[in-house]
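First comes the structure, then the notes that go with it.
The values are calculated or read from the model by the stated rules, or taken from the named source; none is laboratory data. Values in this document were obtained by computation on a predicted structure and should not be read as measured data. Virtual Cβ from ideal backbone geometry, glycine too; neighbours counted across all protein chains shown. For the accessible areas, the whole protein counts, side chains as well, though only heavy atoms, and no ligand, DNA or RNA atoms are used. Shrake-Rupley method; radii C 1.70, N 1.55, O 1.52, S 1.80 Å.
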Amino acid sequence: LYVALMGLNRLMLDDKIRFKLLELYREPIKRLGEELQQEYLDRAQPLFTNLKMMAEQNRQFQQELAIGYKHIILSMTEAGKIKTGVKSGFLATVLLRAISYCKETLLKSYYYYADVPPGIWQEIHGLYLIAEKTGCTNMAVKDPLNPIKESVSITEYYKHVLLLGFGNPYHMPPSFIRKIDHFLYRWADLTQFGPGEEITEGNCQFIIDQQGDMVGNSYTGDINIMEGASPLQYRALYTHDLARFIHSKLKAMENEQEIDTEGLEDRFYTDQGRLLLIHLINTWGINPKRQFARVDKPTTKLELAIGIKAINYFINGQKKMQPSSDFVGPFPERTAVGASGVQPGTEKRDRSLSTSTWDVVDESAGGVALAHNALLEEPTRVGELVAIRLLGQGDKWEIATIRWLRTADHAHIESGVQRLAPYATPILIKMVNEDGKETDFIPALQLPGIRALNQPRTLITHKGIFQKDRELYFDDSKGMKKITVRTLIEETLCYERFDYLISTIE
């Protein structure tokens, strides 16, 4: 299929014949792409070679389709068929297809944290300018592959692409990126688009340089629009109405109200919906400013332990924790053999209990940008918990979380981590089910409270533990306590962080 598409793009053809042939490829490539990405979506990074090949092939399909439609635009330009103020339904359709497959190329890059192809944003902006020049921006274009609407305008789709880029895709798991793309098919038109010179400082505003090769920037007032620039060079995107809409959905969710999906997937708001909406408000509703200056540290190296299990092991002196007691009460049944049921020294080597060495690119008080230039024994993902320490600096581990990833190949990965706490206490937790059966001991972490910020002590556990008012048993190897879960502080696809009250064991 790919070879045939490449061959089509290298033939001299009449524009309308090329268009009809390209249209035939769209549906099978869409179906094939969905099948391919099921194999690698949300996998830990970097991807193994065969999965990375799938991801790259998926992106190449989108690039070739974009090339095909751009061929038609170039041909029409050379033939003098694209004229200022002269609308054309055929041209509008070709422009929309070209923009949409540039967007799909971006999307497929984000799915495996790859850098986007150079020049692609410049092409997207340029395609929109052609639509503006010819007056095609608001023409309704039918698209049988649009999952929600029968037709869409070029302006609406261009805003869709911009919002996807402004959504911090490298800071999200791929399943979130896919959901945001689906959301934008329905709600991108809640935003407004206007001249760049009219923008004023405030939240929910983004500035786009249509001659640049990037999506643009959130507008904070310290961005200088070039004096004497062409009126066509800068545009402003306003997301106030979209942010209010998202906030209303989040409030309804917090009040446990039933939410109408209004054309979205049936479980759009129930599958990790709260996390997704919070991310969207933070990216489209608030213009974040960097709180701490970054300092280059090109010769510094950090050691990372990735995941709660590994962190618990390493901050416990590279030993698996042993509980102070096997049982929390006179319960005769267990669902699994407890940690203390394993004789010390008889465990098989656990590959997840390893560390990796990363180069520090730059650092601030709030976080660190890192790069790793070798194969990772334990792959990672956005939202994973890590412990970090200076290489060779004893047992002083800080606790952090991975906020973004970017990969060049399977042996090079870049990451940004945000500090959460200067240290943590390794603990074990367990639950007792309603039928009186105990679960196994599960590694977890206790993070210290910060009195100056009025922050309480918190626990970090694997996903699925948090449930308000749930009772857990907390063991630090010295004794066991019964605790009651209170408030969820933070949640990612990898862990939950919550505060708790200590009670006595009856």
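Key figures for this structure:
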item	result
Gained length - D266 relative to T220, 0.36 nm times residue gap less alpha-carbon distance	12.9 nm
Long-range HN-HN contacts of T380 with modeled amide H, under 5 Å	Q45
For region 350-417, Kirkwood radius (reciprocal of mean inverse C-alpha pair distance, Å)	12.6 Å
For region 236-278 and region 34-94, distance of Cα centres in Å	29 Å
Magnitude of the charge dipole, region 348-501, Cβ model with Lys/Arg +1 and Asp/Glu -1, debye to 20	380 debye
Additional length obtainable on full extension of the chain from I17 to K30, 0.36 nm per residue less Cα span	2.6 nm
Accessible area, probe 1.4 Å, largest first, for residues M12, M431	M12, M431
14 Å cut-off, amide nitrogen to a point 7 angstrom out along D350 Cα→Cβ, residues in region 454-474	462
Reach of K468 by Cα under 17 Å, taken over aspartates and glutamates that are not fewer than 8 positions away in the same chain	E254, E256, E434, E490, E491, E496, D499
Potential lengthening between Y2 and A371 on full extension [0.36 nm per residue; Cα-Cα distance subtracted]	129.5 nm
Relative contact order of region 111-207, pairs being alpha-carbon contacts under 8 Å that are 6 or more residues apart, as %	24 percent
Accessible surface of region 55-116, 1.4 Å probe, proportion on carbon and sulfur as whole %	50 percent
Theoretical ellipticity at 222 nm over the chain - DSSP helices of four or more residues, -39500 (n - 2.57) apiece, nearest 500	-10500 deg cm²/dmol
Leading residue at positive end of dipole, the chain (Cβ point charges), from M480, F48, M172	F48
Cα gyration tensor, region 384-506 - rounded (a/c under 1.5), prolate or oblate	prolate
Mean Cα-pair separation over length for the chain, i.e. relative contact order, pairs under 8 Å, 6 or more apart, %	11 percent
Alpha-carbon centroid distance for the pair region 467-506 / region 99-135, whole angstrom	46 Å
Mean separation of Cα contacts under 8 Å, 6 or more apart, over the residue count of region 357-428: relative contact order %	31 percent
Set K103/K159; K108/K179; K319/K463; K103/K251 screened for pairs whose C-alpha atoms are more than 21 Å apart	K319/K463; K103/K251
Kyte-Doolittle at least 0.0, axis length at least 15 Å by Cα - qualifying DSSP helices, the chain	89-111, 120-134, 154-166
Signed unit charges on C-beta, dipole axis of the chain, positive-most listed residue I399, I281, L21	L21
Principal axis dimensions, region 66-189 - Cα atoms, whole angstrom, descending	45, 30, 21
Cα gyration tensor, the chain - rounded (a/c under 1.5), prolate or oblate	prolate
Modelled FRET efficiency - R0 22 Å, I259 with K142, Cβ distances, 0.05 increments	0.15
